[in-house]
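Q: Quick one: structure below, then a few questions.
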């Protein structure tokens, strides 16, 4: 895995790329990418994007990108919280096996192999610009990144704009454009508290809001709503949703700048660009508003995933089968012509896109912490802690049909247990949570 010496690294990479290119040409697949950029928009529901059905659309840049990318209709996060979900993306392990937990101050262990470590071992320059909080370096996700920078905020979560992150990423690319690179960009802009600009809020709302809530929705306000202390009329709920969507509109504009920047630098054709979220957000579907991390329903687990391959291979197409967050790392490595570690539990989605074997039919997701619940989802069914939902008939997960389909429930319960215990989890490491990090987590609603 760890090849020593630059000459040896380049020789291995050249051999891998030659083999991958020949295989791609024979199978009708894309040419291997020179580099990769992964964009993680925190707390972004798939159904808030125009390309996933939101009308009228508030995401013109992402919708335009969709014409060059493969859209995955059923991408499922491995957790409804940031650290566990992104750790699954970068290690290609389910939460039970990577062990990272913000609730228990546990970091990804150094014995786990990450996407960035593989890329760096093969000579790639690696950098990440993130929003901190649950992605702070203290939680272990900086492994393999030569540059791992947390974007500055005002300490209250009000400066979590994606635009400065994009600017930093493009500035880094300016100095690394002639190298092979892996770049990760993450933002909390769509995460609560919802603090959109007046312009974005006016553009999203079809009519001015005249109710009692302010234009910015704070953590304390959401806590009051969810505790029942603050009554919420239908118009008030629509206003809260609009503040969230207004922040998504701002994210979309910054993403457009990223796409334009890659084109300006001459990096768009050869760069694999992945757009994804770590989890969604609930807006009253199961009892809470503007919140996540508390359930395993689809409003928190179903995420957008768009992948642009070099030459816009399969651009504009959709993939209907269920895929998982753990599939992202192997898909990126395979797209770069690099080997996929045996420890990775996900699969290269490019294989299925070329007409090969489809991804496994089941997705494991888990609440944060060792005492949290676990769900098993297929395209048709979800088993969630003694409850069974028939997603084909009940996409909103409102009717527990475990009593009617006892055989299905028992089968899914058994498969879930097998997937959880099939690999022995490595011992996670204690995260060094400083007072400053604790305050940052508090500003995002993760600490009382």
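Q: With springs connecting C-alpha atoms under 10 Å apart, model the chain as a Gaussian network and identify which of 357, 78, 345 has the largest mean-square fluctuation.
A: Maximum fluctuation in the GNM of the chain, among the listed residues, is at 357.
Q: Just the Kirkwood number for the range 295-345, please: inverse of mean 1/r across all distinct Cα pairs, in Å, one decimal.
A: 13.0 Å
Q: Which value at 222 nm does the chain reach when only helices count, each DSSP H run of 4 or more adding -39,500 (n - 2.57), with the total divided by all residues and rounded to the nearest 500 deg cm²/dmol?
A: The per-residue figure over the chain is -10500 deg cm²/dmol.
Q: What ranking do 428-438, 81-91, 257-267, 241-251 get when scored by the average of other Cβ atoms within 10 Å per residue, highest first?
A: 81-91, 241-251, 257-267, 428-438
Q: What per residue convex hull volume, in Å³, do the alpha-carbon atoms of the range 360-448 yield?
A: It comes to 144 Å³ per residue, whole-number rounded.
Q: Need one number: convex hull volume per residue for the range 305-427, Cα atoms only, in Å³.
A: 141 Å³
Q: Determine the percent antiparallel among the DSSP beta bridges restricted to the chain, to the nearest 5.
A: Restricted to the chain, the bridges split so that about 50 percent are antiparallel.
Q: Taking Rg and Dmax of the Cα atoms in Å straight from the coordinates, which label in (i) 21.0, 66; (ii) 24.9, 75; (iii) 19.4, 61 is the correct one?
A: Derived directly from the coordinates: (i).
Q: What are the extents of the Cα atoms of the range 53-138 along their three principal axes, listed from largest to smallest and rounded to whole Å?
A: 44, 35, 23
Throughout, read-outs are computed from the coordinates displayed, never taken from laboratory work. As the structure is a prediction and not an experimental result, all values here were calculated from the model. FYI the Cβ positions are ideal-geometry reconstructions off the backbone, even for glycines, and counts take in every protein chain you see.
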